[in-house]
Amino acid sequence: MPTTESNTRLGGDNPSQLEFTRLFVASQAAFQGFLLTLVHDRHATDDLVQELACRLWMKFGDYERSRSFVAWGLGFARLLAFEWRRLQARLPVPLDETTLQALADVAAERSLASEDRHEALGHCLQYLTDHQRQVLQARYYHDQAVADIARQAQRTEMAVYKVLKRAHQMLLDCMRKTLASPTPP
């Protein structure tokens, strides 16, 4: 692949930097949600996410690829949030260390569960027909009305609703089965 200005800036010559960037960007929403749960301040959360990116990059050489990047990063995020809270003179809701720890544990569990559900959904989407995927994409990704989808597909609205219902049910069944399975998809 020829080196361009854009892939050089994104670590095109440094595979480790590129890998880190991809992992961090994919996990950023989980980190933001986790930190916001602990600090209750959007601006501070933005700052903490930037600091988290720096700290994770500095420790990326220690990251074990067999471990979830989100789980690894949440450990750093937890410590960062605790540091931030200790430095604050005034807290909007004063919490003792035990309560804050419990809150961090619940937020981490939810972030990891969300990651598991996202992976399960990606796995289950493979089992839909092309038509079902196209209808779901039109409805939810492109936010098209059912009437518009029906008109474009030259079908009735009821037919589109039936496709959506079958796709929803198939995804729900598959996700329940996948998430209940002890081995990942």
Among the residues of the stretch 22-30, are any at pLDDT 90 or above and either surrounded by 16 or more Cβ atoms within 10 Å (Cβ to Cβ) or in contact with a Phe, Trp or Tyr (Cβ under 6 Å, 6 or more places away or on another chain) (or both)? yes
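Condition test on Asp148, is it under 29 Å from the mean Cα position of the chain (by Cα) and either loosely packed, with under 14 Cβ neighbours inside 10 Å or part of a helix (DSSP H, G or I) (or both)?
Considered against the rule, which asks whether it is under 29 Å from the mean Cα position of the chain (by Cα) and either loosely packed, with under 14 Cβ neighbours inside 10 Å or part of a helix (DSSP H, G or I) (or both), Asp148 comes out as no.
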For the stretch 35-53, indicate whether the set of residues that are in contact with a Pro (Cβ under 7 Å, 6 or more places away or on another chain), part of a loop (DSSP other than H, G, I, E, B) and surrounded by 13 or more Cβ atoms within 10 Å (Cβ to Cβ) is non-empty. yes
Residues being in contact with a Ser or Thr (Cβ under 9 Å, 6 or more places away or on another chain) and farther than 15 Å from Gln134 by Cα: count how many of those fall in the stretch 146-185. 2
From the list Ala107, Ala159, which one is modelled with pLDDT of 75 or more and among the aliphatic types (A, V, I, L, M)? Ala159
Selected residue (only one of Gln144, Gln152 is within 27 Å of Ala29 (Cα to Cα), modelled with pLDDT of 75 or more and either among the polar types (S, T, N, Q) or assigned by TED's automatic domain parsing to the domain that holds Gln28 (or both)): Gln144
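The values are calculated or read from the model by the stated rules, or taken from the named source; none is laboratory data. Treat the numbers as computed from the prediction; the structure is a model and nothing was measured. All Cβ positions, even for glycine, are placed from backbone atoms using ideal geometry, and neighbour counts span all protein chains on display.
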